[in-house]
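For reference, the structure is listed below as structure tokens.
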Amino acid sequence: MEPHTTLVIGASRGIGKELVRQLSSIPSEHVIATIRDSSSPTTNLQDVQYLTLDLQNPQSILNAATKVPSIDTLIINGAIGDNERLVSTNTQRMEEYMSTNVLGPLRVVQAFLPALKARKTRKIILISSYCGSFSIQNAGLCGWGGPYAVSKAAANMLAVQLHRELRPEGFTVVPLHPGNVATDMGNIGGGGGTPVCEAVGNILRTIGGITLEESGGFLSYDGEVIPW
Ligand SMILES: NC(=O)c1ccc[n+]([C@@H]2O[C@H](COP(=O)([O-])OP(=O)(O)OC[C@H]3O[C@@H](n4cnc5c(N)ncnc54)[C@H](OP(=O)(O)O)[C@@H]3O)[C@@H](O)[C@H]2O)c1
């Protein structure tokens, strides 16, 4: 029997790197990981297949996809994020956000769709953020707004629309909030996040238990449903 195969996009550091580390410690699991370029910081783990992929570079995504014939689970983790304001941003920065956090995931799904269809599992997890929730933003419950929140709200809708389009073919598509995690991005706000090892343990437990019925919903790292 072929091993369960997970592809993690954006695995040089933070949550992505730890996802790869923990997944690769499972004997029945085959892990494929992408890093942005050869200068990205990462630890090459034995038995993990590393590919180069830049979410902003469509050709790099297509090139990576030619090397992956089949996957069960696709975890799109890579993103940019900072505590910025819309009134002081500019078009170039907004384009960077949208290209990395919204168009990037769409390009990845389109490119790896044949590999996902080659298996029956057909699970797509988009690591999002509760900053992309309208109700959480309106209640003032998220520290970050601005361009990051706009991009994550768009990423959430991307996940919902992919769910609607792919559900008839047996796909499960879920945007997932990883929690406040002590990574480079998570520490920008001053720290205090969950240690990455513990956070990723929770995330993987939730991803492993996600059912077809939960597709199209917005989940937190602990499996709780987050309001849109
Ligand atoms: N940490 C938190 O508290 C928190 C909270 C909510 C949501 N999230 C979400 O969780 C995910 C992971 O965040 P993190 O905390 O682990 O952040 P991080 O430590 O800043 O790591 C970001 C990852 O994304 C990759 N990346 C950035 N731009 C890329 C591009 N153009 N192409 C490919 N990869 C790219 C980075 O690669 P390089 O090393 O090459 O830059 C890195 O591997 C993100 O989607 C983030 O929005 C995090």
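Here the scattering of the range 4-220 is modelled by Debye summation over its C-alpha atoms, one equal scatterer each and no solvent; at q = 0.09, 0.10, 0.11, 0.19 Å⁻¹ the log10 of I(q)/I(0) is -0.32, -0.40, -0.48, -1.62. Computed from phi, the 3J(HN,Hα) profile of the range 155-171 under the Karplus parametrisation 6.51, -1.76, 1.60 (θ = phi - 60°) reads 5, 4, 5, 4, 5, 5, 5, 5, 4, 5, 6, 9, 4, x, 9, x, 8 Hz, with x in place of Gly and Pro. In this rough spin-label picture, where each label sits 7 Å from Cα along the Cβ direction, the Glu165-Glu2 distance is 2.3 nm. Amide H to amide H, with H built 1.01 Å from N, Leu51 comes under 5 Å of Ala33, Thr34, Ile35, counting only residues 5 or more places away or on other chains.
Computed over the alpha-carbon atoms, the range 100-228 gives an Rg to Rh ratio of 0.97, Rh here being the Kirkwood radius from the mean inverse distance.
Taking each residue as 0.36 nm, the span from Trp228 to Leu141 lengthens on full extension beyond its C-alpha to C-alpha distance by 30.0 nm.
For the range 102-107, backbone phi angles converted through the Karplus equation (6.51, -1.76, 1.60; θ = phi - 60°) give residue-by-residue couplings of 10, 5, x, x, 5, 4 Hz, Gly and Pro being listed as x.
Compactness of the range 45-115 is given as radius of gyration and Dmax, 14.4, 46 Å, from Cα positions.
Values quoted throughout were computed directly from the atomic coordinates according to the rules given, and no laboratory measurement underlies them. This is a predicted model, so every value here is computed, not measured. Using ideal geometry, Cβ is built from the backbone for each residue, glycine included, and neighbour counts are taken over all protein chains shown.
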